[in-house]
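Asker: After the structure tokens below, expect a handful of questions from me.
The values are calculated or read from the model by the stated rules, or taken from the named source; none is laboratory data. Values in this document were obtained by computation on a predicted structure and should not be read as measured data. Because the Cβ atoms are built from the backbone with ideal geometry, glycine has one as well, and the counts that use them run over all protein chains shown.
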Amino acid sequence: MGAHYAIEQLASALMQSYMARTTTEMDSNGNGNGGRHSLRSPCQRIDAPVHSCQAPAEFDICQLKRLFQEQQQYLDYFFKHLNYEEVQAFTQLCVATKGVIFFSGVGKSGFVAQKSAQTLVSTGTKAVFLSPTDALHGDIGLVGPDDVLVLFSKSGATEELNKLIPCARAKGAYLVGISSLKNSNLREMCDMHVYLPLERELCPFDLAPVTSTVIQMLFGDTVAIALMQAKNLTQEQYALNHPAGRIGKRLIFRVEDMMRRGDSLPLCREIDLIIDQLVELTAKGCGCLIVVDGCKRLIGTFTDGDLRRSLNSSRENIFHLQVGEMCNREPRSIMANAMAFAAMKKMEDGVSPVTFLPVVDFNKAVIGLITLHDLVSAGL
């Protein structure tokens, strides 16, 4: 306890000495220019340093427009000088390939290679991105003699690709170089070469790959669509490759995939009293009752809207009304094998849209219920 007290006393004495010395070093204006240190309260605001640079002026829209026009000119140069026979040969190679089309590249060209592979996969062609670094450390094992390896490089002199080429050739793969240098290393080292004409980069130093990557992307995406057409890919086949997308869901999912079944169905008989079915009307969360006969064949539907109309017209007589007296005896229905999107269209068609459809079999027996809420929640 005594030692602790002594330490506190010493710290207090040192602080008083420091404050006295700091006060002595302050100049006559109190600015503290005479010393190297100044003591601030822990709560005192420390202003951020003032930078000499000012906020940039608003970018000139005319200058921006000129940049886009320049980029358009460079793209026009690409289209005018592109050798379509080389592109046709490459496309035909991809159509005839029995194995996988591997895409590879480094840096920005690597990103384009990844995107090209993904586009081909989504449009029905087997393709994979192969990192040149990972390939040299084991991933080259994916490549076989039936495969094609496509190498993207602006200059055609990328070191990682040059190292990969002999390894892929030893695996028996067919090699294709894609570059913007007509007589690049890729032309000499690969089995096929496609030249992508590049006048210059939009970059003022002609260095940043902003035009070259655009034409690489144009090339890859256009070839993907050419392959899509060559293989006569249907909309349904395309949808199978995009099951999570809205188009895929509309072309894949059927009513039976989304309908409610069994105990979740709000079924009732036409002789049931409306007052006795109020719990069933609300408890199932469908906003309706499906009126069936003894064989579960569809007779009609009764909705919460029908309930309100019954209350307005019958008042206290509602206690004596049967469901069959107030139900809709010409309800819309749908088969289980119909497309889910067709069910949505059927709900929306007509003078008065509905929010549900009973699902029936060939004998008009109710086997399910599909609601607009279920379809929208599923992303249709």
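Asker: Do you know which of the residues in the range 191-211 that are touching a residue at least 60 places away in the same chain (Cβ under 8 Å) and in contact with a strand residue (DSSP E or B) (Cβ under 8 Å, 6 or more places away or on another chain) is nearest to residue 86 (Cα to Cα)?
Answerer: Ranking the candidates gives 194 first.
Asker: Same structure again: Look through 93, 142, 136, 161 and report the one residue that is surrounded by 21 or more Cβ atoms within 10 Å (Cβ to Cβ) and at negative phi.
Answerer: The match here is 161.
Asker: Determine whether the range 318-339 contains at least one residue that is touching a Ser or Thr at 6+ places or on another chain (Cβ under 7 Å), over 23 Å from residue 254 (Cα atoms), in a strand (DSSP E or B) and not hydroxyl-bearing (Ser, Thr, Tyr).
Answerer: Yes, because at least one residue in the range 318-339 is touching a Ser or Thr at 6+ places or on another chain (Cβ under 7 Å), over 23 Å from residue 254 (Cα atoms), in a strand (DSSP E or B) and not hydroxyl-bearing (Ser, Thr, Tyr).
Asker: With (1) in a helix (DSSP H, G or I); (2) at pLDDT 90 or above; (3) surrounded by fewer than 18 Cβ atoms within 10 Å (Cβ to Cβ) as the list, and residue 347 as the residue in question, which single condition is left unmet?
Answerer: For residue 347, the failing item is (3).
So that you can scan it fast, the table gives a plain yes or no per residue for (1) modelled with pLDDT of 95 or more; (2) among the hydrophobic types (A, V, I, L, M, F, W, C):
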| site | (1), (2) |
| --- | --- |
| 136 | no, yes |
| 145 | yes, no |
| 170 | yes, yes |
| 176 | yes, yes |
| 188 | no, no |
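Asker: Here's another thing I want to ask about it. Return the total of residues in the range 191-238 being part of a loop (DSSP other than H, G, I, E, B) and more than 27 Å from the chain's Cα centre (by Cα).
Answerer: Here the count works out to 14.
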